[in-house]
Amino acid sequence: MTGRPLLSVRELTKRFGNRVACCDVGFDLWPGEVLGIVGESGSGKTTLLNCLAGRMTPDAGSVIYDSNASGLVDVHRLSEARRRLLTRTEWGFVNQDAREGLRMGVSAGANIGERLMAIGERHYGEIRQTATDWLGRVEIELDRLDDRPTDFSGGMRQRLQIARNLVSNPWLVFMDEPTGGLDVSVQARILDLLRGLVENLHLSAVLVTHDLGVARLLTHRLMVMQGGRVVEDGLTDQVLDDPQHAYTQMLVASILPA
Amino acid sequence: MPPDPTQPVLRVSHLSKSFVVHAQGGLALPVLRDVSLAVSPGECVALVGRSGAGKSTLLRCLYGNYRADAGSIRVRHRNDNVELAGAEPRVTLDVRRRTLGFVSQFLRVIPRVPAIDVVAEPALRLGATETEARRRAEFLLGVLGIPPRLWLLPPATFSGGEQQRVNIARSLIVDYPILLLDEPTASLDEGNRAGVVELINQRRDAGTAIVGIFHDAAVRDAVATRIHDVVPPGAQP
């Protein structure tokens, strides 16, 4: 197997005062891989994700990204401007709460079009056409293009947020509990959508979830976190079907069978 | 280049596997001890042993679904010999994508995805066109007796036997050089069982190396070229 990792993380540590949120985390993410980070609330998953995505500065360690535009970059040593460009072009970030990832005061079309403008698209008609295509791909009626997300249901907002992130063909997408807080039927639709998009666009992704069913459906690999440390990692079905660590065994044994 | 039929494409050496249950104070349950097995193209090896002897565990170790504690599992993959015991996830996934197929007893249902797409997916992942993958999926579903009115429905509501046949179709849509079969005919009636036996024999005769668990003696006799006894560690001399 050849090639080089898309993301190389080494000895990443983040503290809040005396509390260690994540400690000495390291891994390589390869192109096309979807990595799941699982664990209970407070295990450090979201802090880790924020440090990976450059939204939070770690106390120690490094995150090296193989940028399509500029080669290997150290995410936490980039200038603010270059990091923002990266997050708007080659990366995506899907928040649990779509209101944090969308601009609630502008139309659905503008929400999708914004990232196209960030990558240099200027032709209004083309932006509008691409935005319409993406509404269709995330199963939102096309006549909602000019409506604001304030008028959308929770599931529609989440699908719009996904479209907003994927329209610029990012290489790497970070997702924080993308189906958290949604009804089960709405969740199934979003999972199916994400699964198809990840597969067809050959995306690489890091997905934080506490739902092992979501992890099984969407990820290739898992890291299990407890108390800020990675206690187990490996192929998703191996970690879930043959868990080695006491904490992973407890998590897997805690699922209610459907 | 077809594989050399005299050379094993799957070679298991001194494989051991225990389950350690932390909730039981770290209780260790040894399931496999020092298992060795080699399978060549065109062979179908039936794993035989009493219930609980470790047949399913062995099959799952071969697929990388269970972690081997010790020993080696080498497969012929992209004209190379690849070690699966302790392999990186991306290596195991690549071996599964191209070389190693697995038919489990039950279909893991994906919400909302129609049966035909469930079946076509492995072919699409290997670069088949949408049309080609669908054509092969329709052919397999037809041969396995799934009526066309079900093809566009998600298999969640199918019967156990229908789900199992969708599962078989999904695993046969790619010509994997190695196939692992865990009770592929368990919940099928006689007519459908014969169809599955026929498909397995076609693959075997075309040079696929097969390892399987076949509870039904008639099915085993029809497909197996060789028996491998699986003996639980406690019963070994």
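The values are calculated or read from the model by the stated rules, or taken from the named source; none is laboratory data. These numbers were taken from a predicted model, which means no experiment stands behind them. Heads up, the Cβs are rebuilt from the backbone with ideal geometry, glycines too, and the neighbour counts pull from every protein chain shown.
Restricting A:THR132, A:THR209, A:THR150 to those that are surrounded by 19 or more Cβ atoms within 10 Å (Cβ to Cβ), of a type in the set (Ser, Thr, Tyr) and away from chain B (no Cβ under 14 Å) reduces the list to A:THR209.
When the residues of the range A:175-188 are filtered to those that are away from chain B (no Cβ under 12 Å) and within 26 Å of A:LEU7 (Cβ to Cβ), the one that is farthest from the chain's Cα centre (by Cα) is A:GLY180.
The residues in the range B:60-84 that are closer than 22 Å to A:PRO5 by Cα, assigned to a loop (DSSP other than H, G, I, E, B) and more than 10 Å from chain A (Cβ to nearest Cβ) can be counted, and the count is 1.
One residue alone among B:ARG165, B:ARG149 is over 24 Å from B:LYS17 (Cα atoms), assigned to a helix (DSSP H, G or I), in contact with a helix residue (DSSP H, G or I) (Cβ under 9 Å, 6 or more places away or on another chain) and not hydrophobic (A, V, I, L, M, F, W, C), and that residue is B:ARG165. No other residue among B:PHE106, B:PHE102 is within 21 Å of A:ASP237 (Cα to Cα), at pLDDT below 95 and among the aromatic types (Phe, Trp, Tyr) apart from B:PHE106.
Residues are listed down the side, and each one gets a yes or a no for (1) in contact with a Gly (Cβ under 9 Å, 6 or more places away or on another chain); (2) more than 14 Å from every other protein chain (Cβ to nearest Cβ):
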site: B:THR6; (1), (2): no, yes
site: B:LEU10; (1), (2): no, yes
site: B:HIS22; (1), (2): no, no
site: B:GLY25; (1), (2): no, no
site: B:PRO30; (1), (2): yes, yes
site: B:LEU37; (1), (2): no, yes
site: B:GLY42; (1), (2): yes, yes
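Could you tell me whether A:SER185 is in contact with a Gly (Cβ under 9 Å, 6 or more places away or on another chain) and over 30 Å from A:ARG84 (Cβ atoms)? It is true that A:SER185 is in contact with a Gly (Cβ under 9 Å, 6 or more places away or on another chain) and over 30 Å from A:ARG84 (Cβ atoms).
Residues checked against (1) without any contact (Cβ under 8 Å) to a residue 12 or more places away in the chain; (2) in contact with a Cys (Cβ under 8 Å, 6 or more places away or on another chain); (3) buried (at least 19 other Cβ atoms within 10 Å of the Cβ):
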site: A:LYS14; (1), (2), (3): no, yes, yes
site: A:VAL25; (1), (2), (3): no, no, yes
site: A:ASP28; (1), (2), (3): no, no, no
site: A:GLY36; (1), (2), (3): no, no, yes
site: A:SER41; (1), (2), (3): no, no, no
site: A:GLY44; (1), (2), (3): no, yes, yes
site: A:ARG55; (1), (2), (3): no, no, no
site: A:ASP59; (1), (2), (3): no, no, no
site: A:ASN68; (1), (2), (3): no, no, no
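Is one or more of the residues making up the range A:74-81 in a strand (DSSP E or B) and either over 22 Å from A:LEU160 (Cβ atoms) or out of contact with any Gly (no Cβ under 8 Å at 6 or more places or on another chain) (or both)? Yes, because at least one residue in the range A:74-81 is in a strand (DSSP E or B) and either over 22 Å from A:LEU160 (Cβ atoms) or out of contact with any Gly (no Cβ under 8 Å at 6 or more places or on another chain) (or both).
Identify, please: which residue in the range B:75-84 is crowded, with 18+ Cβ neighbours inside 10 Å and touching a residue at least 24 places away in the same chain (Cβ under 8 Å) and is, among those, farthest from B:LEU32 (Cα to Cα)? Within the range B:75-84, the match that is farthest from B:LEU32 (Cα to Cα) is B:ARG76.
Considering B:ARG193, B:ARG170, B:ARG220, the condition of being surrounded by 15 or more Cβ atoms within 10 Å (Cβ to Cβ) and over 21 Å from B:ALA115 (Cβ atoms) is satisfied by B:ARG220 alone.
Might you check whether a residue that is in contact (Cβ under 8 Å) with a residue 24 or more places away in the chain, within 11 Å of chain A (Cβ to nearest Cβ) and surrounded by fewer than 21 Cβ atoms within 10 Å (Cβ to Cβ) occurs anywhere in the range B:116-129?
Step one: list which residues in the range B:116-129 are in contact (Cβ under 8 Å) with a residue 24 or more places away in the chain, which gives B:116, B:118-123, B:125-126.
With the extra rule that they be within 11 Å of chain A (Cβ to nearest Cβ), the set shrinks to B:121, B:125.
Among the residues that remain, those that are also surrounded by fewer than 21 Cβ atoms within 10 Å (Cβ to Cβ) are: B:121, B:125.
Checked the range B:116-129: at least one residue is in contact (Cβ under 8 Å) with a residue 24 or more places away in the chain, within 11 Å of chain A (Cβ to nearest Cβ) and surrounded by fewer than 21 Cβ atoms within 10 Å (Cβ to Cβ).
Considering each of A:LEU197, A:LEU191, A:LEU222 in turn, give the residue that is within 13 Å of chain B (Cβ to nearest Cβ) and surrounded by fewer than 22 Cβ atoms within 10 Å (Cβ to Cβ).
Values: A:LEU197 fails: within 13 Å of chain B (Cβ to nearest Cβ); A:LEU222 fails: surrounded by fewer than 22 Cβ atoms within 10 Å (Cβ to Cβ).
Going through A:LEU197, A:LEU191, A:LEU222 in turn, just one is within 13 Å of chain B (Cβ to nearest Cβ) and surrounded by fewer than 22 Cβ atoms within 10 Å (Cβ to Cβ): A:LEU191.
So how many residues does the range B:136-152 have that are under 22 Å from A:ASN200 (Cα atoms) and exposed (fewer than 14 other Cβ atoms within 10 Å of the Cβ)? The qualifying residues number 1. All conditions in (1) without any contact (Cβ under 8 Å) to a residue 40 or more places away in the chain; (2) in contact with a Lys or Arg (Cβ under 7 Å, 6 or more places away or on another chain) hold for B:ALA87, with the sole exception of (2).
From the list B:ALA133, B:ALA194, B:ALA120, B:ALA186, the one residue that fits, being over 22 Å from A:VAL34 (Cβ atoms) and part of a helix (DSSP H, G or I), is B:ALA194. Considering the range B:161-202, and only residues there that are within 13 Å of the chain's Cα centre (by Cα) and without any contact (Cβ under 8 Å) to a residue 40 or more places away in the chain, the residue that is nearest to B:PRO8 (Cα to Cα) turns out to be B:ASP175.
Could you check, for the range B:90-102, whether at least one of its residues is surrounded by fewer than 16 Cβ atoms within 10 Å (Cβ to Cβ), touching a residue at least 24 places away in the same chain (Cβ under 8 Å) and at negative phi?
Residues of the range B:90-102 surrounded by fewer than 16 Cβ atoms within 10 Å (Cβ to Cβ): B:97.
Going one step further and asking which of them are touching a residue at least 24 places away in the same chain (Cβ under 8 Å), we end up with B:97.
From what's left, at negative phi: B:97.
Scanning the range B:90-102 turns up at least one residue that is surrounded by fewer than 16 Cβ atoms within 10 Å (Cβ to Cβ), touching a residue at least 24 places away in the same chain (Cβ under 8 Å) and at negative phi.
In the condition set (1) part of a helix (DSSP H, G or I); (2) at pLDDT 95 or above; (3) in contact with a Lys or Arg (Cβ under 7 Å, 6 or more places away or on another chain); (4) surrounded by fewer than 20 Cβ atoms within 10 Å (Cβ to Cβ), A:ARG88 is compliant with all but (2). When the range A:202-258 is examined, which residues are found to be within 22 Å of A:SER185 (Cβ to Cβ), in contact with a Leu (Cβ under 7 Å, 6 or more places away or on another chain) and not β-branched (Val, Ile, Thr)? Across the range A:202-258, the qualifying residues are A:LEU207, A:LEU212, A:ALA215, A:ARG216, A:LEU217, A:LEU218. Every listed requirement among (1) within 18 Å of the chain's Cα centre (by Cα); (2) loosely packed, with under 14 Cβ neighbours inside 10 Å; (3) in a helix (DSSP H, G or I) is met by B:PHE106 save one, (3).
In this structure, does B:ARG165 turn out to be among the charged types (D, E, K, R), under 25 Å from B:THR225 (Cβ atoms) and buried (at least 21 other Cβ atoms within 10 Å of the Cβ)?
Working: among the charged types (D, E, K, R): yes; under 25 Å from B:THR225 (Cβ atoms): yes; buried (at least 21 other Cβ atoms within 10 Å of the Cβ): yes.
Judged against the criteria, B:ARG165 is a match.
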